Amino acid sequence: MTLALDCRDLVFSYGQTVVLAIDRLEIPTGLVVAVQGPNGAGKSTLLWLLAGLRRADRGSIAILGQPLTGRRRDLLQQVTLVMEQPYLLRTTARGNVEYGLARRGLDLRERMRRADGALAQVGLESKASSAAWELSQGEKKRLALARALAIQADILLLDEPGSNVDGRSAILIEESIERLRGQTTVVVSTHDIAQARRLADQVVTLVAGRKLDVSHENLVEVPTVLREGRRFAVLLPSLQIPIGSGPEGPVRLLVDPDSVQLGPPQPGSPTMVVSDLSLERHTIRIRLNGEMGLVVRLPREGLDELPLTLGQQVAVTIPPEALHLL
Amino acid sequence: METILEGIRAALDLLWSLDAELIEIVFLSLRVSGLATVAAILIGLPLAVVIALTRFPGRRLLITLLQTSMAVPTVVIGLFIYALLSNRGPLGGLGILYTPTAMVIGQCLLALPIVLSLGVAAVGSLESTVYPTLITLGASRPRAVLTLISEARFGLAACVAMAFARVFSEVGISMMAGGNIRGLTRNITTGIAFETGRGEFALGIALGVILLLVALVTNLAIQLVQSQGRNR
């Protein structure tokens with residue numbers, strides 16, 4: 001499969017602080033890929049690098065197989081970014097959408113046609129002649145999306161498209177992304193895991209600028225103890241899991257929600273209470289509460305083996321391979 | 001009190017009858033301050049855009065110096081222009097001391113830090129959001145800069161109005177570089193100082209009223225422009 005974006009050994013720093021260090025990131029064409037992670041994980045920085053707005057200290061980015069260099073800035077015509085807090089030009093909604101089209105040399109008739117089409121896609125056809133600054137927050141975000149859709153770039157980068165918008169805008173934005181699936185490569189950054197799971201064909205997790213193979217939902221800082229030369233992470237007094245060697249002291253861990261096992265309560269095994277259940281694209285997300293909070297993800301068919309209801313007690317097993325030391 | 005009231009009555013007569021000397025003084029003020037502001041815009045705005053959009057060593061210090069130089073007393077600039085253009089000065093050969101040209105140069109020097117400082121602030125405040133947005137929409141760098149300037153138009157218009165208000169109401173430069181020569185370099189502020197000094201309150205007050213009116217109109221324009229910018 002052709003890669004829309006291919007990043008290797010990408011490093012970006014602010015001064016002495018490395019904010020992004022990714023060994024390899026491959027994004028195939030036509031997929032919707034979510035970049036998820038907590039605040040400060042480096043999601044926006046990654047999108048800015050992919051959009052050519054920042055230059056990496058090290059490493060390479062290839063866009064549609066072509067290396068992005070200072071001399072190949074024309075490649076950036078294939079990419080467009082909608083920022084988390086988009087700036088709208090001091091003109092009408094249609095004027096905003098037309099700006100990028102004019103830069104691509106389209107004539108007025110084509111610009112109008114494409115602008116009106118893009119505005120209709122995000123439910124703003126009736127606001128085409130309205131001043132951009134008069135729109136609501138959600139409408140402004142939709143307008144910024146329409147501006148990017150009209151360009152019809154091969155790669156669309158969306159930074160937190162669902163943040164600070166009303167429910168209707170959130171739905172319209174997600175519907176627009178859904179329509180692009182298979183035609184345009186969409187990279188969406190979000191701290192909303194549910195949104196990432198709902199929208200994306202692939203999910204990339206960033207934590208502290210590093211790409212991880214597990215979700216960041218269960219990011220915990222726990223103490224460790226040494227016993228018989230082995231180091232144990234103390235998730236709960238009754239739940240201590242070996243994590244290899246190292247000194248005693250607190251550690252930051254990720255507990256992979258996909259690797260945690262649930263079963264009927266057993267005497268002597270730690271139990272937790274189901275506090276929330278939500279359906280995702282292919283999986284079901286279960287929030288457990290007890291002495292600590294934990295998110296667990298099961299395939300939908302997993303519910304057949306262990307029917308779950310809110311308030312139900314379940315035994316939790318965390319295998320050592322579910323723990324990732326940061 | 002009676003003197004002041006008499007002065008105001010006489011001033012209103014002068015204004016009502018469109019006294020020739022009064023009109024000449026007002027037009028000279030508008031011409032000199034207008035030209036000085038235009039010159040400061042032509043020199044200052046491009047420089048402000050360059051300072052706002054580029055990063056170079058000492059940039060912060062330069063901006064601090066520009067902000068500080070907005071507070072330089074007008075008599076100091078007047079003194080500098082006098083030293084430069086007087087017969088013994090390096091540009092004395094030009095013979096332009098005590099002419100409106102000298103006043104324009106001095107007022108331009110007064111307006112320049114205002115245009116530069118406020119221009120850098122107006123463009124700089126939008127740079128981090130607008131410039132990347134325009135690049136991601138496919139704008140070339142020169143086009144992005146032009147659009148950025150257009151987006152900053154409300155802030156820039158306010159800075160131009162403030163520069164004009166400052167030079168229109170200054171007296172130190174006009175007095176030292178212009179010499180307050182009747183019919184040649186006497187403007188509103190030097191006229192007020194001169195007429196008041198010799199006890200001719202009527203013309204002084206009439207000029208004062210006009211100065212206040214122009215200041216009022218300029219301030220209203222600034223407020224209008226800024227409120228337009230805030231709404232958008």
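Read-outs: derived from the displayed coordinates by stated rules, not from any lab. Keep in mind that what you see is a predicted model, and the values were worked out from it rather than measured. Glycine also receives a Cβ, built like all others from the backbone with ideal geometry; neighbour counts cover every protein chain displayed.
So, in segment B:16-43, how many residues would count as being of a type in the set (A, V, I, L, M), more than 11 Å from the chain's Cα centre (by Cα), closer than 18 Å to residue B:183 by Cα and surrounded by 14 or more Cβ atoms within 10 Å (Cβ to Cβ)? Show your work before the answer.
Residues of segment B:16-43 that are of a type in the set (A, V, I, L, M), as a first pass: B:18, B:20, B:22-23, B:25-26, B:28, B:30, B:32, B:35-36, B:38-43.
After this cut, where a residue has to be more than 11 Å from the chain's Cα centre (by Cα) as well, the list is B:18, B:20, B:22-23, B:25-26, B:28, B:42-43.
Next, only the ones that are closer than 18 Å to residue B:183 by Cα stay: B:18, B:20, B:22-23, B:25-26, B:28.
From what is left, the residues that are surrounded by 14 or more Cβ atoms within 10 Å (Cβ to Cβ) are B:22, B:25-26, B:28.
Residues flagged as of a type in the set (A, V, I, L, M), more than 11 Å from the chain's Cα centre (by Cα), closer than 18 Å to residue B:183 by Cα and surrounded by 14 or more Cβ atoms within 10 Å (Cβ to Cβ) within segment B:16-43 amount to 4.
Check segment A:55-67 and report whether any residue there is more than 16 Å from residue A:4 (Cα to Cα), within 14 Å of another protein chain (Cβ to nearest Cβ) and surrounded by fewer than 17 Cβ atoms within 10 Å (Cβ to Cβ). Steps first, answer last, please.
Initially, segment A:55-67 is screened for residues more than 16 Å from residue A:4 (Cα to Cα), giving A:55-59.
Subsequent filtering for residues that are within 14 Å of another protein chain (Cβ to nearest Cβ) retains A:55.
Subset that is surrounded by fewer than 17 Cβ atoms within 10 Å (Cβ to Cβ): A:55.
So far as segment A:55-67 goes, yes, one or more of its residues are more than 16 Å from residue A:4 (Cα to Cα), within 14 Å of another protein chain (Cβ to nearest Cβ) and surrounded by fewer than 17 Cβ atoms within 10 Å (Cβ to Cβ).
Only one of (1) in contact (Cβ under 8 Å) with a residue 40 or more places away in the chain; (2) on the phi > 0 side of the Ramachandran plot fails for residue A:280. Which number is that?
Condition (2) is where residue A:280 drops out.
What helices (runs of 4 or more DSSP H) lie completely within segment B:58-163 and have 3 or more residues being of a type in the set (Gly, Ala, Ser)?
Passing ranges, in order: B:100-136.
On the given criteria, is residue A:94 over 26 Å from the mean Cα position of the chain (by Cα), more than 14 Å from chain B (Cβ to nearest Cβ), surrounded by fewer than 16 Cβ atoms within 10 Å (Cβ to Cβ) and without any contact (Cβ under 8 Å) to a residue 40 or more places away in the chain?
Working: over 26 Å from the mean Cα position of the chain (by Cα): yes; more than 14 Å from chain B (Cβ to nearest Cβ): yes; surrounded by fewer than 16 Cβ atoms within 10 Å (Cβ to Cβ): no; without any contact (Cβ under 8 Å) to a residue 40 or more places away in the chain: yes.
Against the criterion (over 26 Å from the mean Cα position of the chain (by Cα), more than 14 Å from chain B (Cβ to nearest Cβ), surrounded by fewer than 16 Cβ atoms within 10 Å (Cβ to Cβ) and without any contact (Cβ under 8 Å) to a residue 40 or more places away in the chain), residue A:94 does not qualify.
Please state which one of B:100, B:73 is touching a residue at least 40 places away in the same chain (Cβ under 8 Å) and closer than 14 Å to residue B:178 by Cα. Show your work before the answer.
Values: B:73 fails: closer than 14 Å to residue B:178 by Cα.
Of B:100, B:73, the one residue that is touching a residue at least 40 places away in the same chain (Cβ under 8 Å) and closer than 14 Å to residue B:178 by Cα is B:100.
Just name the residue that is farthest from residue A:44 (Cα to Cα) out of those in segment A:105-125 that are buried (at least 18 other Cβ atoms within 10 Å of the Cβ) and of a type in the set (Lys, Arg).
Going through the qualifying residues, I end up with A:111.
It is to be established whether one or more residues within segment A:118-135 are within 15 Å of residue B:138 (Cα to Cα), touching a helix residue (DSSP H, G or I) at 6+ places or on another chain (Cβ under 9 Å) and not basic (Lys, Arg).
no
Condition (residue is of a type in the set (D, E, K, R), surrounded by fewer than 22 Cβ atoms within 10 Å (Cβ to Cβ), within 12 Å of chain B (Cβ to nearest Cβ) and assigned to a loop (DSSP other than H, G, I, E, B)) applied to segment A:77-85: is it met by at least one residue? Can you show your working first?
Residues of segment A:77-85 that are of a type in the set (D, E, K, R), as a first pass: A:84.
After this cut, where a residue has to be surrounded by fewer than 22 Cβ atoms within 10 Å (Cβ to Cβ) as well, the list is A:84.
Those still in the list that are within 12 Å of chain B (Cβ to nearest Cβ) too: A:84.
Subsequent filtering for residues that are assigned to a loop (DSSP other than H, G, I, E, B) retains A:84.
For segment A:77-85, residues of a type in the set (D, E, K, R), surrounded by fewer than 22 Cβ atoms within 10 Å (Cβ to Cβ), within 12 Å of chain B (Cβ to nearest Cβ) and assigned to a loop (DSSP other than H, G, I, E, B): present.
How many residues does segment A:7-20 contain that are surrounded by fewer than 20 Cβ atoms within 10 Å (Cβ to Cβ) and in contact (Cβ under 8 Å) with a residue 40 or more places away in the chain? Quick ask: steps written out before the conclusion?
As a first pass, look at segment A:7-20 and keep what is surrounded by fewer than 20 Cβ atoms within 10 Å (Cβ to Cβ): A:8-9, A:11, A:13-19.
Cutting the leftovers down to in contact (Cβ under 8 Å) with a residue 40 or more places away in the chain gives us A:8-9, A:11, A:13, A:18-19.
Looking only at that region, the number is 6.
Please determine, by comparing only the residues of segment A:162-178 that are part of a helix (DSSP H, G or I) and either among the hydroxyl-bearing types (Ser, Thr, Tyr) or in contact with a Pro (Cβ under 9 Å, 6 or more places away or on another chain) (or both), which one is surrounded by the fewest Cβ atoms within 10 Å (Cβ to Cβ).
A:174
I'm told residue A:88 meets every condition in (1) closer than 19 Å to residue A:158 by Cα; (2) within 14 Å of another protein chain (Cβ to nearest Cβ); (3) assigned to a helix (DSSP H, G or I) except one. Can you identify the failing condition by its number?
(3)
Spot the failing condition for residue A:181; the list is (1) surrounded by 16 or more Cβ atoms within 10 Å (Cβ to Cβ); (2) more than 23 Å from residue A:103 (Cα to Cα), and only one is missed.
(1)
Could you tell me whether residue B:130 is more than 12 Å from every other protein chain (Cβ to nearest Cβ), of a type outside the set (Ser, Thr, Tyr) and either under 30 Å from residue A:151 (Cβ atoms) or in contact with a Cys (Cβ under 6 Å, 6 or more places away or on another chain) (or both)? First the steps, then the outcome.
Values: more than 12 Å from every other protein chain (Cβ to nearest Cβ): no; of a type outside the set (Ser, Thr, Tyr): yes; either under 30 Å from residue A:151 (Cβ atoms) or in contact with a Cys (Cβ under 6 Å, 6 or more places away or on another chain) (or both): yes.
No.
Only one of A:114, A:109 is among the charged types (D, E, K, R), out of contact with any helix residue (DSSP H, G or I) (no Cβ under 6 Å at 6 or more places or on another chain) and either under 15 Å from residue A:87 (Cα atoms) or away from chain B (no Cβ under 11 Å) (or both). Can you tell me which? I'd like the intermediate steps shown before the answer.
Numbers: A:114 fails: out of contact with any helix residue (DSSP H, G or I) (no Cβ under 6 Å at 6 or more places or on another chain).
Answer to the check: A:109.
Please work out which residue is nearest to residue A:171 (Cα to Cα), limiting yourself to segment A:115-154 and to residues that are in a helix (DSSP H, G or I) and polar (S, T, N, Q). I'd like the intermediate steps shown before the answer.
Within segment A:115-154, the subset in a helix (DSSP H, G or I) is A:115-121, A:125-127, A:132-134, A:137-151.
Next, only the ones that are polar (S, T, N, Q) stay: A:121, A:126, A:137.
Values: A:121: 12, A:126: 18, A:137: 14 Å.
Only one residue fits best here, namely A:121.
Would you confirm whether any residue within segment B:134-142 is surrounded by fewer than 19 Cβ atoms within 10 Å (Cβ to Cβ), within 13 Å of another protein chain (Cβ to nearest Cβ) and within 21 Å of the chain's Cα centre (by Cα)? I'd like the intermediate steps shown before the answer.
Step one: filter segment B:134-142 for residues surrounded by fewer than 19 Cβ atoms within 10 Å (Cβ to Cβ), giving B:140-142.
Next, from what is left, pick out any that are within 13 Å of another protein chain (Cβ to nearest Cβ): B:140-142.
From what's left, within 21 Å of the chain's Cα centre (by Cα): none.
The answer is no; no qualifying residue exists.
Yes or no: residue B:211 in contact with a Ser or Thr (Cβ under 9 Å, 6 or more places away or on another chain), of a type in the set (A, V, I, L, M, F, W, C), assigned to a loop (DSSP other than H, G, I, E, B) and surrounded by fewer than 21 Cβ atoms within 10 Å (Cβ to Cβ)? Spell out how you get there, then give the answer.
Numbers: in contact with a Ser or Thr (Cβ under 9 Å, 6 or more places away or on another chain): yes; of a type in the set (A, V, I, L, M, F, W, C): yes; assigned to a loop (DSSP other than H, G, I, E, B): no; surrounded by fewer than 21 Cβ atoms within 10 Å (Cβ to Cβ): yes.
Here the answer is no, as residue B:211 does not meet what is asked.
For segment A:1-54, what are the residues that are within 14 Å of chain B (Cβ to nearest Cβ) and closer than 15 Å to residue A:78 by Cα?
Residues satisfying the conditions are A:47, A:48, A:49, A:50, A:51, A:52, A:53.
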